[in-house]
Amino acid sequence: MSPVYKFSTAGSFATSRTLYKSALAGNAVFVPNYTVGAYDSIATSTISSTTATVTFSSIPATYKHLQLRMSTRTDFASATPIDVYLEINGDTSYTGYRNRRLKGDGSSATSSSSASYDIHKITPAASSTASAFSGIVVDLLDYANTNKNKTVRYLGGADLNGSGNIVFGSILWPFTTAVTQIKLSADGSFVAGSKIALYGIKGD
Amino acid sequence: MAAGNTYEAIATNTTTALAASVTFSSIPGTYTDLVLVCEGIGTGDAYPYIQFNGDTGTNYSSTQIYGDGATATTSRRTNDSKIDAVIWRTTGRNNIIANVMNYSNSTTFKTFLMHGNNSSQYVQTTAGLWRNTAAITSLTVFAQYVNFAVGCNFSLYGIKAA
């Protein structure tokens, strides 16, 4: 880091200056008054070639909530939207998660449940309308708290001009462990043009 | 490593006169996603809709699910010229929150998620598609049939990626 200089009350910049660390001696530290952001980008995966999984690891515990924002498409052989899997801390157990969702497909509004970690029927696949990608927003609430089970909620969908789904749901991960890793995957691989971003939301 | 604050206000428009539409133009391509937040009321029942980049062609489609307090219903619009939001009733305030995903890339169609409700009839969520690979540089919200009343708030936010 370059030294920071303090102007003297006399003389020019070139001749009268003091290293900032020296200027602090005997004086109170100045804390600048600036606005601290409350919604931070933690990491983003911009997919430029087929990618089977995207993992965010070593997630810092310094936020109150996490938000995932995804635009995805896979190369799995399907015309209708398929699941995206959201795996917490490497837990692939199908007995731990509790999943409830409400889905509309243009003709039927249905609710369903499972003991799984799928974001339900939400991402376009190989035979879906070309160039169409999902939109998915996932919130992981109070993810670093070690006294609560973890709740995930999501809203997402993919309209394909004649087919597609709109879905919102909730996933319970019934463990009090802090969430430090999130892994996203799907049947097949995410294709180029997909983007998955993780954000941290601060709180008191 | 976090990249600092990444959720920024791009522009806000609070109507000071009756308005048939509100446009956000010259939207910078420096964000990953856009978030549009609208709150207000019409001079009569409004049927707000959204168009991108001034495109009035039949390049839009959407899938909705909505509830009226008694029944959950889903519907679909194909080859439409706009994306419809929830109806704005005059019996109270109404709102729309829309996420436009990956809006500035020039290789994919644009998908957005829209949630809205009015005070007396519906809550509605929509997945929409604009079949155009162009980056979105303008966005217009139309009141349709009536005007937006004075005091309606329209805000556009940008979310950056690391």
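State the dimensionless ratio Rg/Rh of region B:62-162 (Rg: radius of gyration of Cα atoms; Rh: Kirkwood radius).
0.98
Let me have the 222 nm mean residue ellipticity of the protein assembly as shown computed from DSSP H runs of 4+ only, each contributing -39500 (n - 2.57), with the sum over all residues rounded to the nearest 500.
Computed mean residue ellipticity for the protein assembly as shown: 0 deg cm²/dmol.
Pull up all non-local amide H partners of residue B:88: gap of 5 or more, or a different chain, and H-to-H distance under 5 Å with H placed in the peptide plane.
Residues meeting the amide H criterion: B:46, B:47.
Which value results when the Cα radius of gyration for region A:37-201 is divided by 2.2 N^0.38 Å? Mind dumping the intermediate values first?
Working: Rg = 15.2 Å, N = 165, 2.2 N^0.38 = 15.3 Å.
Relative to the rule-of-thumb radius for its length, region A:37-201 sits at 0.99.
Residues with beta-carbon under 14 Å from that of residue B:89, excluding residue B:89: net charge, scoring Lys, Arg +1 and Asp, Glu -1?
Summing Lys/Arg as +1 and Asp/Glu as -1 gives -2.
Relative contact order for chain B: what is it in percent, counting Cα pairs under 8 Å that are at least 6 residues apart? Intermediate values should be presented prior to the final figure.
Values: 458 pairs, mean separation 68.3, N = 162.
Across chain B, relative contact order equals 42 percent.
Hey, got the dipole for the protein assembly as shown? About the Cα centre, +1 on K and R Cβ, -1 on D and E Cβ, debye to the nearest 20?
Using Cβ point charges on Lys, Arg, Asp and Glu, the protein assembly as shown gives about 600 debye.
Compute the separation of the alpha-carbon centres of region B:59-128 and region A:105-141 and state it in Å as a whole number.
Taking the Cα centre of each part, region B:59-128 and region A:105-141 sit 16 Å apart.
Please give the net charge around residue A:191, taking every other residue with its beta carbon less than 10 angstrom from that of residue A:191, where Lys and Arg add +1 and Asp and Glu add -1.
Numbers: positive: A:73; negative: A:75.
Here the count lands on 0.
With Cβ to Cβ distances under 14 Å as the rule, what net charge do the other residues near residue B:40 carry (K, R +1; D, E -1)?
Numbers: positive: B:89, B:93; negative: B:39, B:45.
So the surrounding residues net to 0.
Here, each number is a calculation from the coordinates, and none is a lab measurement. Because the structure is predicted, anything quoted here is derived from the model rather than measured. Note that we place each Cβ from the backbone using ideal geometry, even for glycine, and neighbour counts take in every protein chain shown.
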